[in-house]
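The values are calculated or read from the model by the stated rules, or taken from the named source; none is laboratory data. In this text, all values refer to a predicted model and were calculated from it rather than measured experimentally. Every residue, glycine among them, receives a Cβ derived from its backbone with ideal geometry; neighbour counts consider all protein chains shown. SASA here: full protein model, heavy atoms, side chains in, ligands and nucleic acids out. Shrake-Rupley method; radii C 1.70, N 1.55, O 1.52, S 1.80 Å.
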Amino acid sequence: MTDPTQALSFGAVAAHYDRFRPRYPQEAVRWALAGLAPSARVVDLGAGTGILTRAVLALGHQVVPIEPDPGMRAQLDAATPGIVALAGSAESVPLPDGTADAVVVGQAYHWFDRERAHAEIARVVRPGGVFAPIWNVRDEEVAWVAELSRIAHIGDSAGNVIEKYADFGPIELGRFAHTSTLTPGEVIELLHTRSYWLTAPAKERGKIDRQLRDLFASHPDLAGRDTVELPYQTLVFRSRRR
């Protein structure tokens, strides 16, 4: 069972979340939705502030974003002209049966109650449609990135998506490398949008921030740099509705 305090901790920092969280490469989103007709109806489930919604819109598809947190919905609506996010969740999708050509999930799948969410996703996706959870995963083969993750107590939750789930076919995995260029201060602001930091006591937050500043001041790959390239692998787990 997910921690609802952590799962709903992002609304208070929605503007920072939208500004600093990494984008999804267009080639990754295009691959996730390959084979769909132009202007397909795509549900962005757990849409957050609309980072993935906007990437899907840029490909010419219709998007229905669904998000349980009112703060995140408000930021999505403000940042995405012409789109209004629906209140709802993976476990209770406010759409009729078989009305979606695809469901995408950006960075949110690990918060779902999987049994209930899978049933809802299977209900709303038409036969032959797509289910594609997507993650931006930091490349911890880079030494300073691994240290960053250790200090900030962050891990990545990709994997174990829909194996042994009867309503969908085999999972295909796509990998796409990219980077975000940020100042050291912006990397710290990015980490302030993570659930661990948001729900930690003030003393723990202060300790994390001090260690992060020390990392940027002392690590040989970072010291003296005005900006850094934060490397990511975008992982797309694509499956088709039977």
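Structure values in brief
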read-out: Neighbour cut-off at most 15 other Cβ (10 Å), DSSP loop, trypsin sites (Lys or Arg not before Pro), the range 23-73; value: none
read-out: Where labels lie 7 Å past Cα in the beta-carbon direction, separation of LEU222 and GLU172 in nm; value: 3.8 nm
read-out: Over the chain: helical MRE at 222 nm, DSSP H runs n ≥ 4 each giving -39500 (n - 2.57), nearest 500; value: -10000 deg cm²/dmol
read-out: Residue among ARG123, ARG194, ARG225 with the largest mean-square fluctuation in a Gaussian network model of the chain, springs linking Cα atoms under 10 Å; value: ARG225
read-out: Accessible-area value, HIS178, 1.4 Å probe, nucleic acids and ligands omitted, Å²; value: 40 Å²
read-out: GNM result for the chain, Cα springs below 10 Å: residue of ALA132, ALA166, ALA177 fluctuating most strongly; value: ALA166
read-out: Sites GLU229 and ALA119, calculated FRET efficiency, Cβ-Cβ separation with R0 25 Å, nearest 0.05; value: 0.05
read-out: Total charge dipole magnitude, the range 57-162, about the Cα centre, Cβ charges on Lys, Arg, Asp, Glu only, Debye to nearest 20; value: 200 debye
read-out: Cα gyration tensor, the chain - rounded (a/c under 1.5), prolate or oblate; value: prolate
read-out: Rounded to 5, percent antiparallel among DSSP beta bridges of the chain; value: 55 percent
read-out: Heavy atoms of ASP101 accessible to a 1.4 Å probe, total area in Å² rounded to 10; value: 40 Å²
read-out: Where only alpha carbons of the range 103-206 are counted, the Rg and the Dmax (Å); value: 16.9, 51
read-out: Estimated vicinal HN-Hα couplings, Hz - the range 95-107 in sequence order (Karplus 6.51, -1.76, 1.60; Gly, Pro = x); value: 9, x, 4, x, 9, 10, 7, 7, 10, 10, 9, x, 6
read-out: Point-charge dipole on Cβ atoms (K/R +1, D/E -1) for the chain, about Cα centre, debye to 20; value: 300 debye
read-out: Cα shape, the range 30-99, gyration tensor, a/c 1.5 rule; value: oblate
